[in-house]
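Here is the structure we will look at.
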Amino acid sequence: MNRTVLLVDDEPEIVELLRLFLEKEGLRIFEAHDGEEAWKMIRENKIDLAVIDIMMPKLDGIRLLKQMRTEYKLPVIMLSAKNQDSDKILGLGLGADDFIAKPFNPLEVVARIQAMLRRTYEFNDFPSAAPEEQVQVKIGNLVLDHHDYVVNKDGREVILTATEYKLLKAMMESPGRIFTKKQLFEQVWSDVYHEDANTIMVHISRLREKLEDDPRQPIYIRTIRGLGYKFAKKDDFQ
């Protein structure tokens, strides 16, 4: 199945360059040159992944991303001409899955898109779980469902991005285990860790906002000072 990628940038040369590289990989490409046009594309087409520039006319990338996350879970890679941590933290905080600073090597962008598509949709390539395999993980009032790839809290679905789901899955399947930032990054992103602590911290913060009754005093995702994070065990709620 050919995956679809939406390229959103107000610089036609960048869109055309990435289109040429991605079409060679068998991907189907949609393109937009401002946020409003991109939003229309997303509403009218099945998009598997979006690459979105931050600085755009009409509706910038940050506002577009915020709007998307009210309805859509598709993975998003943000582009920015400004290589600043503030841009990255803001984008990740709103639900972006990856961030690439301009100028970039188009081959790196292609590799990241392919990796993101594999990580997000690889579930569909696995055979159905065997009867004896655990389909759900329940800890406290959270239930992670491997079959439907959703998380419920008190019977209501918690809307997560693909990256947030994979991060939560890694921790919930090993409750009580202490994960370093490096271990989480390499397990969830399937990439070599580059001392990028902000990426993990922002995603952990977003998960706490969605899962914890009081994110300032988390009972599920706990920080182990100087080491990393661990997820609460079932015994903690008995």
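Assorted remarks:
- Of all lysines in the structure, the ones whose alpha carbon falls short of 24 Å from that of LYS58, not counting any fewer than 8 places away in one chain, are LYS40, LYS46, LYS66, LYS73, LYS82, LYS88, LYS102.
- Residues ARG112, ARG63, ARG156 ordered from highest to lowest accessible area at a 1.4 Å probe: ARG156, ARG63, ARG112.
- Placing +1 on the Cβ of every Lys and Arg and -1 on the Cβ of every Asp and Glu, with no other charges, gives the chain a dipole of roughly 760 debye about its Cα centre.
- Distance from the stretch 40-83 to the stretch 5-26 (C-alpha centre basis), Å: 15 Å
- Ligands, DNA and RNA left out, the accessible area of the stretch 1-92 computed with a 1.4 Å probe is 51% carbon and sulfur.
- For MET56, the amide hydrogen comes within under 5 Å of the amide hydrogens of GLY61, counting only partners 5 or more places away or on other chains and with H modelled in the peptide plane.
- One entry in (i) -0.35, -0.52, -0.98; (ii) -0.48, -0.69, -1.04; (iii) -0.40, -0.59, -1.07 is log10 I(q)/I(0) by the Debye sum over Cα atoms at q = 0.09, 0.11, 0.15 Å⁻¹ calculated from the shown coordinates; its label is (iii).
- At a probe radius of 1.4 angstrom, the accessible area of the chain per residue rounds to 52 square angstrom.
- Each peptide in 49-56, 33-40 gets a packing score, the mean of other Cβ atoms within 10 Å over its residues, and the list from highest to lowest is 49-56, 33-40.
The values are calculated or read from the model by the stated rules, or taken from the named source; none is laboratory data. Source: prediction; values computed, not measured. Cβ sites come from the backbone with ideal geometry, for glycine too, and all protein chains shown count toward neighbours. What goes into the accessible areas is simple: the full protein's heavy atoms, side chains included, and nothing from ligands, DNA or RNA. Shrake-Rupley method; radii C 1.70, N 1.55, O 1.52, S 1.80 Å.
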